[in-house]
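Structure first, commentary second.
The values are calculated or read from the model by the stated rules, or taken from the named source; none is laboratory data. Bear in mind that the values here come from a model prediction, so they are computed numbers and not experimental data. Cβ placement follows ideal geometry from the backbone for every residue including glycine, while neighbour counts extend to all protein chains displayed. Note: areas computed on protein heavy atoms with side chains; ligands, DNA, RNA excluded. Shrake-Rupley method; radii C 1.70, N 1.55, O 1.52, S 1.80 Å.
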Amino acid sequence: MDKPKKIKKPRGKASLIPNKCIACGARCQSACPVEAIEMNEKGEPIILLDKCIGCQKCVKICPAEALEMFFTPEEKEILRQLEAQKGEAGAAVAEEADSEETKLKKFLAQYRGVWVFVEQTDCIPAKVSWELLGVGAQLAASLQVELCAVVIGHNVERLCHEAFTYGATKAYMVDEPILHHYRTAPYLEAFCSLVEKYKPEVVLMGATGLGRDLAGAVATRLRTGLTADCTGLGIDEKRQLLQTRPAFGGNIMATIFCEQRRPQMASVRPHVMSMPSKNENATGEIIRETITMKEEDVLTKVLEVISDASHKDSVDIGGAEFIVSGGRGMMSKENFKILQDLADELGGVVASSRSAVDAGWMPVERQVGQTGKTVRPKIYIACGISGAIQHLVGMQDSDLIIAINRDREAPIFEVATFGIVGDLFQIVPAITEHIRQVKTQRGTPKVC
Ligand SMILES: Cc1cc2nc3c(=O)[nH]c(=O)nc-3n(C[C@H](O)[C@H](O)[C@H](O)COP(=O)(O)OP(=O)(O)OC[C@H]3O[C@@H](n4cnc5c(N)ncnc54)[C@H](O)[C@@H]3O)c2cc1C
Ligand code: SF4
Ligand code: SF4
């Protein structure tokens, strides 16, 4: 007797939900593995149904949830036939699959809440922690759970109260002398014991030196996923954390999920997320915990802390409000003087592209971009910078971007608020001179 012909289960087709596309730059198109998406002149996708294989990649990557799956009438008919074919064997397999799924659902359901690690040194918080509370609040609202701060250190209760002013409603605190200076082992112990006891769904940490060290260690110990250096975070309909970051040398933006493990961990670089507003009157609950680890159990000892705060040349481009940045178009190290003059007039700092660093014109700590720093100043003036994607990811969230470039086709103009096409060696000194004149006329010492 002929075996009944195996019918392949249809996967559906993608379709655009009217008025929801925000024309994000064709992320759906770049995610599609079979070129089933074309873009119209408004930057919205057109799905070619005959090519679509129903992989759902476009649906998952869309930041505006503008795409959904549907079954064509033919697919619906196949589904109906499959339903009819389902025999006992099918039911048994389905039951097994169901029990696996139920187990996973049960496991995932134990984890609730969004946690933000409050990084500190000598009780001075890293600003990125408050930035993370800002985005954490949005995630917590989507998940309808609490936003919690995790404060680890010695004499750090003040930071719990500060975390409440930035949106946390609860703080888990481990306050012990052994935690005074950051060392991986005791911090790891403190963090993991909190996670094992209270089971958060999402954990966010700053992608600083300390944060990177701790996040990697915690994720390894808990055997869960960690996405480093995220530039975007969101929640999907399955309560999954959507972790977006540049991939393949910054040429594409990848959205990463952690489907089967908890907590879902992500680190975010300073200045990528905006600061939340502060409510000085906000209060919350502090949960105090201890660790069993003793000083003699810790192999590393801090003998001396040498501060680099007095380092004369140290400039924090990450925290600057005005940045004048130069690229390969500056032609030489000496020419950066004209950028310094403009920065001085604005009360800002000079930064650069990687090309200028590679050429030895600027120190590496001034580099903006994917392998440099992320900046978010009020004004970013890009001089002789072409606007490669690896540079843009580090500065495109600046409040206002002014680009000066003699090539009118340069990609930097795509993100610029104001673009000036011309020779920077004429334009930059002219702007500096104009600011000086305005200041002299007004008699004010500062331009805002
Ligand atoms: C893995 C990886 C990571 C990277 N990370 C970074 C990073 O963190 N940061 C970063 O910046 N890059 C990074 N890059 C390098 C990046 O791809 C580009 O090569 C780099 O940003 C280009 O620098 P640029 O714009 O200064 O130089 P160019 O691309 O050479 O552009 C110079 C621009 O100056 C203009 N110009 C020349 N003379 C004048 C003039 N007189 N007046 C006005 N305009 C003028 C030109 O028209 C041109 O647009 C990375 C690359 C890779 C592969
Ligand atoms: S569902 Fe998959 S194959 Fe279909 S359009 Fe989207 S990405 Fe392309
Ligand atoms: S990913 Fe979404 S928002 Fe972006 S172009 Fe496609 S449909 Fe529009």
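Restricting attention to region 376-401, the residues being farther than 14 Å from G318 by Cα and either within 16 Å of ligand 2 (Cβ to nearest atom) or of a type in the set (S, T, Y) (or both) number 1.
Close Cβ contacts (under 8 Å, 6 or more residues apart or on different chains) running from residues in region 402-419 that are over 13 Å from G326 (Cα atoms) and touching a residue at least 40 places away in the same chain (Cβ under 8 Å) to residues that are near ligand 1 (Cβ under 6 Å from one of its atoms) and open to solvent by less than 40 Å² (accessible area, probe 1.4 Å) comprise R406/G329; R406/L424. V195 - would you say it is closer than 25 Å to E296 by Cα and within 23 Å of the chain's Cα centre (by Cα)? Yes; evaluated as a whole, the condition is true for this residue. Here the condition is being out of contact with any Leu (no Cβ under 6 Å at 6 or more places or on another chain) and more than 9 Å from ligand 1 (Cβ to nearest atom); of Q396, Q370, it holds for Q396 alone. Out of T374, T440, one residue alone is exposed (fewer than 14 other Cβ atoms within 10 Å of the Cβ) and of a type in the set (S, T, Y). It is T440. Checking each residue in region 339-367 for being within 11 Å of ligand 1 (Cβ to nearest atom) and either under 24 Å from the mean Cα position of the chain (by Cα) or open to solvent by 40 Å² or more (accessible area, probe 1.4 Å) (or both) picks out A351, S352, S353, R354, D358, A359, W361, V364, R366, Q367.
Would you check if there is a residue in region 33-40 being farther than 13 Å from P63 by Cα and modelled with pLDDT under 90?
Scanning region 33-40 turns up at least one residue that is farther than 13 Å from P63 by Cα and modelled with pLDDT under 90.
Which ones in region 1-27 are at pLDDT 90 or above, within 12 Å of ligand 3 (Cβ to nearest atom) and surrounded by 14 or more Cβ atoms within 10 Å (Cβ to Cβ)? Across region 1-27, the qualifying residues are A14, S15, L16, C21.
Would you confirm whether any residue within region 411-430 is among the hydroxyl-bearing types (S, T, Y) and open to solvent by less than 60 Å² (accessible area, probe 1.4 Å)? No - not one qualifying residue is present in region 411-430. Total residues in region 314-336 satisfying the condition of being open to solvent by less than 60 Å² (accessible area, probe 1.4 Å) and within 16 Å of ligand 1 (Cβ to nearest atom): the figure is 12.
Looking across E68, E75, E83, one residue alone is modelled with pLDDT of 90 or more, over 28 Å from the mean Cα position of the chain (by Cα) and more than 16 Å from ligand 1 (Cβ to nearest atom). It is E75.
Restricting attention to region 238-284, the residues that are of a type in the set (S, T, N, Q) and either open to solvent by 40 Å² or more (accessible area, probe 1.4 Å) or touching a Gly at 6+ places or on another chain (Cβ under 6 Å) (or both) total 9.
Can you report the number of residues in region 41-58 which are near ligand 3 (Cβ under 10 Å from one of its atoms) and open to solvent by 40 Å² or more (accessible area, probe 1.4 Å)?
Matching residues across region 41-58 total 2.
All but one of (1) over 24 Å from V305 (Cα atoms); (2) surrounded by 17 or more Cβ atoms within 10 Å (Cβ to Cβ); (3) acidic (D, E) hold for D175; which doesn't? Answer for D175: the failing condition is (1).
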